[in-house]
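Notes to accompany the following structure.
No lab work stands behind these numbers, since they all come straight from the coordinates. All figures in this text were calculated on a predicted structure; none of them were measured in a lab. Quick reminder, even Gly has a Cβ in these numbers, built from the backbone with ideal geometry, and neighbours come from all protein chains shown.
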Amino acid sequence: MYLEGSDQHRGWFHSSLLESVGTRGRAPYKSVLTHGFVVDGDGKKMSKSMGNVIDTQKMVDEYGAEVLRLWVAAEDYTADIRISEEILKRLIEAYRRLRNTSRYILGNLYDFDIKRDMVPYKEMDEMDKAALNRLQEIIRRVRTAYENYQFHVVFYALHKYCTVDLSALYLDVLKDRLYTSKSKSRERRSAQSAMYIILDAVVRLLSPILTFTAEEIWENLPDYDGKEESVHMALFPNVNPDYRNKDVGEEWDTLIHIKSEVSKAIEIARQEKVVGHSLDSRIDIFAPEKLRSLLESYPEDIKALFIVSEVNVLEEDKINNSYESTEFEGLKIGVAKAHGQKCERCWNYSMTVGNNPDYPTICERCIGNLG
């Protein structure tokens, strides 16, 4: 490979090609990768007279070398590369998101032993299977980006995955299962198994960019026989066909889109002072037959996914003051105060709170989880 700035199209690249073809009958390189030049935030060339030169050593001293590496990876080098205080501050926030997502997962793996606690894929909760299916798409996309030297695609794919797929969705939904289930229950171990598989893959994919952060994450991942001493001695993850499930992926994509519509309905109810937190809510849903059948096949999962205390899937449209979806024709959502009392332990509303005189402030589910 010939790697140089874009000015060499008429220089080194060109003269080398002419000389090699003339003397050897072939190109001197198998591939050529060119990059633009570093400019300031306004796209202007840096010069001392203009006072817009940024000292990279000062950047390292102030923000750390990891942020500088992240900036290099995040920029599309096929054009001129901009740098400014504002750009660096945005990347600091992106770095924190990647780091904090990893910290959250590690914090929930403190008692997880891979050999003892790993739940086989077939025994995992459907939500965890859907998360692993999504992970395979991220692995495929990131590996392809690395192979094509599209490092900015690597950064944006992993950042979006950590921000949207994990922090704002999967990890948020998992909190109830992680914090209220029995510590050694299959439900909690299933969530931990999926989180471990996810972080193990993500840290490997991040390692060429966030060198020291990835090493720190790797050191804190659960140990197992054969674990490489350093993440930089480990191989990239491969797409695992055993975790690919097209049907599960499509169904959960639909459920996640329905969740977005439910969230809109809850927000309207919150503004109208009907509910406060989403767990205060009872959701009544009327949907066309195909959607209704999908919702009815995941009765407990959709309650967890929507982060509400109660979900009723109706066969007839009996909802007053419903929110009508603009994304799904015929989907109507009603939001009301959940029945029962609030459980002090899981914060869900339940008709079973107060039934047990020994535990008058928690629900039957939590009593069972307390053993």
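General remarks:
- Across the options Tyr224, Asn52, Tyr323, the greatest Cα extent toward the positive end of the charge dipole of the chain (unit charges at beta carbon of Lys, Arg, Asp, Glu) belongs to Asn52.
- Ranking of Cys343, Cys363 by neighbouring Cβ atoms within 10 Å, starting from the fewest: Cys343, Cys363.
- Extension gain, Tyr146-Lys115: 0.36 nm per intervening residue step, less the Cα-Cα distance, totals 8.0 nm.
- Given their separation in residues at 0.36 nm each and the Cα-Cα distance between them, Lys227 and Ser16 gain 71.4 nm when the chain is fully extended.
- Residue among Ser260, Pro120, Phe13 farthest towards the positive dipole end of the chain, charges placed on Cβ: Phe13
- Cβ-based exposure ranking for Met195, Met351, Met59, in which fewest neighbours within 10 Å come first: Met351, Met59, Met195
- Net charge dipole, the chain: roughly 480 debye, given to the nearest 20, about the Cα centre with Cβ charges of +1 for Lys and Arg and -1 for Asp and Glu.
- Of the beta bridges in the chain, as assigned by DSSP with both residues counted there, near 50 percent are antiparallel.
- Charge dipole (debye, nearest 20) of the stretch 87-232; +1 at Cβ of Lys and Arg, -1 at Cβ of Asp and Glu: 440 debye
- Extended-chain gain in nm, criterion 0.36 nm per residue less alpha-carbon gap, Leu370 and Lys303: 22.0 nm
- Values [x] 20.2; [y] 26.3; [z] 17.6 are given for comparison; mean projected area of the Cα convex hull in nm², derived from the coordinates here, is the one labelled [y].
- Listed residue (Met351, Val274, Gly249) projecting farthest to the positive dipole end of the stretch 221-371, Cβ model: Val274
- Relative contact order of the chain, pairs being alpha-carbon contacts under 8 Å that are 6 or more residues apart, as %: 13 percent
- Between Arg103 and Leu3, the simple spin-label model (points 7 angstrom out along Cα→Cβ) gives 3.2 nm.
- The overall shape of the stretch 200-275, judged from the alpha-carbon gyration tensor, is prolate: a/c is not under 1.5, and a/b is greater than b/c.
- Rounded to the nearest 20, the Cβ-based charge dipole of the stretch 3-147 about its Cα centre (Lys and Arg +1, Asp and Glu -1) stands at 420 debye.
- The stretch 250-334: C-alpha gyration tensor shape, a/c 1.5 cut-off, then a/b vs b/c: prolate
- At R0 = 45 Å, FRET efficiency that the Cβ-Cβ distance of Thr211 and Gln271 yields, to 0.05: 0.45
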